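Structure record follows, encoded as structure tokens.
The numbers here are math on the coordinates, done by the rules we state, and not lab data. Predicted model, so just to flag it, every value in this text is computed and none were measured. Backbone-built Cβ (ideal geometry, glycine too); neighbour counts: all protein chains shown.
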Amino acid sequence: MNKKDRQIIHQESGQVFVERARWCDGFFSKMRGFTFRRRLEPGEGLVLVENSEGKVSAGVTMLFCFMDLGVVWVNAEGRVVDTALAKPWRLSYMPKAPAQYVVETDPSLLELIAEGDYLRFTRLSEPN
């Protein structure tokens, strides 16, 4: 476990949305993402962290990705601004509204989230 890892909490329900998300706030960690991965572990995800909100900067590519991903774009206030089912080898997915955080996780979790919901990123060592 990395000290930057986060648990992602769905604010409205108080439920854990992603059990263990890798916090990617550096160039290389964001570039790596889930590239070359063939599957996710249960409860696994990652959060791509941008310096500020944007549409283009929050875009993701699925080149060299071998699995579907559920993508959730979140603004600086923690509000979900868009979601997508990202397919392997697609060039680009961008949110319809500016986002600062991009959550990539199991596609089945898209059923549990909606635009306008709020997410909270909690360090694993902190209480919920």
Mean separation of Cα contacts under 8 Å (at least 6 apart) over the residue count of segment 1-81, i.e. the relative contact order in percent, is 23
For residue 96, which lysines qualify as cross-link partners when the Cα separation must be under 16 Å and same-chain residues fewer than eight apart are set aside? 55
Please list, or write none, the aspartates and glutamates whose alpha carbon is within less than 18 Å of the alpha carbon of residue 3, excluding same-chain residues fewer than 8 places away. 19, 25, 44, 126
Select from 62, 113, 46 the residue farthest towards the positive end of the dipole of segment 6-123; place +1 on Cβ of Lys and Arg, -1 on Cβ of Asp and Glu, and compute about the Cα centre. 62
Where a label projected 7 Å from the Cα of residue 36 along Cα→Cβ would reach, residues of segment 52-92 with amide N under 16 Å: 63-67
Please enumerate, by chain and number, the aspartates and glutamates with C-alpha under 15 Å from the C-alpha of residue 30, excluding those fewer than 8 residues away in the same chain. 5, 50, 104
When you count, for each residue, the other Cβ atoms within 10 Å and take the mean per peptide, how do 72-78, 100-106, 87-93 rank with the highest first? 100-106, 72-78, 87-93
Treating segment 6-123 as a set of equal point scatterers at the Cα positions, no solvent, please give the Debye-formula log₁₀ I(q)/I(0) at q = 0.10 Å⁻¹. -0.24
Env charge @ residue 99, Cβ radius under 14 Å, K,R +1 / D,E -1, value -3
How much space per residue, in cubic angstrom, does the convex hull of the C-alpha atoms of segment 61-128 take up? 102
Of all DSSP beta bridges in the chain, antiparallel share, percent nearest 5: 85
